[in-house]
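Bear in mind that the values in this text are calculations on the coordinates, not laboratory data. As the structure is a computational prediction, the values presented were derived from the model and not from experiment. All Cβ positions, glycine included, derive from the backbone under ideal geometry; neighbour counts span all protein chains shown.
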Amino acid sequence: MYNIIMLGIQGSGKGTQAELLSSRLGIPAVSTGNLFRAEIERRTGLGLEIAKYVEAGELIPPAIVDQAISERIAEDDALRGFILDGYPRNIGQAESLTKILEDAGRVLTDVVFIRISDEEAMRRLSGRRVCSNKKCEASYHVEFNPPQKDPNKCDRCGNDLMQRDDDTVDTIKHRLEVYHSETAPLIEFYRRAGVLREVEGEQSIINVETAIVAAIGI
Ligand code: ADP
Ligand code: ADP
Ligand code: ZN
């Protein structure tokens, strides 16, 4: 059983690698960013409440996030394992997750930490394009990982590609700051817990994948 967290700065390739691992292991990749963007799209009360945080690149309040995660990983498809992408993002969330897993009698098996520099993160996020189909949200890069069939369409589902509203230079800068102050402390947190698997992220997508597979011991 694999219960995995993807950790790394924005742009490190968590989403890309979570999808690859998901196909390989047959367990869902759970992206909190995707969950929240879908909620905003549905224009529910909750969606309206969280939209302002996402637009500003701020973290959504813990009560909302913890509940969304505990419900999602209790769904049928996630009972055989899960890959979390975008959660936890600070020590408070990590402690909540420990509690959620304990209550469910489950254990965290691996925290995959993908390391890249801030300069590389900026290059990747400013060229990122995502599938506009909220059920897919496959991630591409205009230069490093363009779609193979049509430059403006998703290879997987054929929908148009778009740029995320928060992938603008100012919001990216702010999100990177939030990462350094809030999320980076999780590296030590999980290293001490003995579950950190560190991989070099500044190499091709396929080489990062190979490194992750080796680090987890699949
Ligand atoms: P994250 O989920 O960590 O924010 P993504 O998986 O969305 O990162 O990747 C960010 C951008 O970088 C996307 O445009 C993606 O296509 C591209 N990318 C991902 N992995 C690599 C890599 N190893 N080399 C170059 N570009 C990459
Ligand atoms: P990124 O990691 O590139 O900033 P995500 O797609 O993971 O983008 O998340 C987009 C936005 O959703 C975040 O800026 C934040 O507002 C919200 N969000 C996602 N995950 C969390 C989380 N674990 N805790 C609080 N807010 C979150
Ligand atoms: Zn798609």
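Quick rundown of the values:
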read-out: Calculated P(r) of region 1-42 - Cα pairs past 13 Å, %; value: 58
read-out: Expected 222 nm ellipticity per residue - DSSP helices of 4 or more, -39500 (n - 2.57), all of the chain, to 500; value: -13500 deg cm²/dmol
read-out: Quotient of C-alpha Rg and 2.2 N^0.38 Å, computed over the chain; value: 0.96
read-out: K99 paired with N152, simple spin-label distance in nm, labels 7 Å along Cα-to-beta-carbon; value: 4.9
read-out: Extreme residue, positive dipole direction of region 66-121, given options I83, I114, L101 (C-beta unit charges); value: L101
read-out: Rounded if a/c under 1.5, otherwise prolate or oblate - region 71-199, Cα gyration tensor axes; value: oblate
read-out: Lys, Arg +1 and Asp, Glu -1 on Cβ, resulting dipole of region 81-218 about Cα centre, debye, nearest 20; value: 340
read-out: Pairwise centroid distance, computed over Cα atoms, of region 1-53 with region 158-206, Å; value: 12
read-out: Potential extension, R24-I64 segment - 0.36 nm per residue separation minus Cα distance; value: 11.4 nm
read-out: Extension gain, H180 back to T168 (0.36 nm per residue minus Cα-Cα distance, nm); value: 2.5 nm
read-out: Percentage relative contact order, the chain, counting C-alpha pairs under 8 Å, at least six apart; value: 30
read-out: For H141, distant residues with modelled amide H under 5 Å away; value: R129
